[in-house]
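*Asks:* Below: one structure in structure tokens.
The values are calculated or read from the model by the stated rules, or taken from the named source; none is laboratory data. Model, not experiment: these values are computed from the prediction. Counting neighbours? That spans all protein chains shown, and the Cβs are built from the backbone with ideal geometry, glycine included.
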Amino acid sequence: MLPCALAAAAILAPAAAAQKPPKPPGQHGVTLKLSAAQITFSQPVTANVSVKGAKAGVGVTLQRRRSTSTLWADVESKLTDAKGDTSFVTRPRVNVSYRAIARTTPPQTSAESPIAVAPLVGFRVSDSTPRAGARVRFSGTVRPRHNGRRVYVQRKRADGSFATVRRTRLRAATARYSRYRVRVRVRRAGTYRVRILGHADHVEGLSRERTLTPLP
């Protein structure tokens with residue numbers, strides 16, 4: 001009986017090996033790592049790509065897809081170095097996902113890597129030491145342009161959270177940015193910021209904080 005069992009095992013072993021499902025082609029041989037998960041509009045992001053087992057001269061194409069779309073578009077193509085690595089520097093204007101395609105045989109594609117983009121919110125005041133109770137002009141620009149969207153002027157509470165004290169809307173300025181202007185009555189010292197809510201193309205945008213100290 002033992003020789004028969006061994007013979008059966010010998011026959012079944014190759015069959016079992018043949019039934020192992022093949023690895024999906026081109027999904028894990030290329031890795032893509034972004035230098036940041038979120039940036040502010042106009043900031044660069046570096047996409048580092050590594051092709052496993054590759055040497056110099058392998059073509060790699062970086063692709064981008066808007067968060068509101070299913071279509072991919074080429075950003076740039078480069079060749080790998082002697083270690084099978086390459087990198088790209090890009091400046092996304094909206095929330096996007098990136099992926100890298102290596103022109104190996106067969107071609108290999110990395111996993112998707114999303115990156116969030118926050119609007120660049122400028123914030124100026126006409127007077128940082130006004131008379132107590134005076135109205136101070138808060139103004140600034142928002143890039144890229146978001147004409148018609150709401151702007152929230154907020155004041156910091158004692159617990160560190162922010163409360164909205166005024167609202168206004170962005171107005172057209174140029175093809176590249178919008179602007180806002182609103183007056184706020186300042187009765188006591190406080191720290192302020194300007195906020196824009198997130199939407200499909202961008203995440204929440206926040207200005208830098210500014211502290212106003214009224215004079216008696």
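*Asks:* Quick one: which of V117, V165, V136, V142 is in contact (Cβ under 8 Å) with a residue 40 or more places away in the chain, more than 21 Å from the chain's Cα centre (by Cα) and in a strand (DSSP E or B)?
*Replies:* From the options V117, V165, V136, V142, the qualifying one is V136.
*Asks:* What number goes with the only condition from (1) in the same structural domain as S69 (by TED's automatic domain parsing); (2) polar (S, T, N, Q); (3) surrounded by fewer than 18 Cβ atoms within 10 Å (Cβ to Cβ) that Q108 does not pass?
*Replies:* Evaluating Q108 over (1) in the same structural domain as S69 (by TED's automatic domain parsing); (2) polar (S, T, N, Q); (3) surrounded by fewer than 18 Cβ atoms within 10 Å (Cβ to Cβ) leaves (3) as the failure.
*Asks:* Hey, any hits in segment 75-93 for a residue that's part of a strand (DSSP E or B), in the same structural domain as A54 (by TED's automatic domain parsing) and buried (at least 18 other Cβ atoms within 10 Å of the Cβ)?
*Replies:* Yes, because at least one residue in segment 75-93 is part of a strand (DSSP E or B), in the same structural domain as A54 (by TED's automatic domain parsing) and buried (at least 18 other Cβ atoms within 10 Å of the Cβ).
*Asks:* Determine whether G160 is in contact with a Lys or Arg (Cβ under 8 Å, 6 or more places away or on another chain) and either surrounded by 14 or more Cβ atoms within 10 Å (Cβ to Cβ) or over 25 Å from T68 (Cβ atoms) (or both).
*Replies:* So G160 does not fit the description; no.
*Asks:* Hey, among L170, L212, which residue is surrounded by 17 or more Cβ atoms within 10 Å (Cβ to Cβ) and in contact (Cβ under 8 Å) with a residue 40 or more places away in the chain?
*Replies:* Going through L170, L212 in turn, the sole match is L212.
*Asks:* I've got another one for you. For K55, indicate whether it is surrounded by 11 or more Cβ atoms within 10 Å (Cβ to Cβ), of a type in the set (D, E, K, R) and modelled with pLDDT under 95.
*Replies:* In short, yes.
*Asks:* Mind checking which pairs have a first residue in segment 49-67 that is farther than 10 Å from G84 by Cβ and a second that is among the β-branched types (V, I, T), Cβ under 6 Å, 6 or more apart or different chains?
*Replies:* T61/I101; L62/V75; R64/V75; R64/V96; R66/V94; R66/V96
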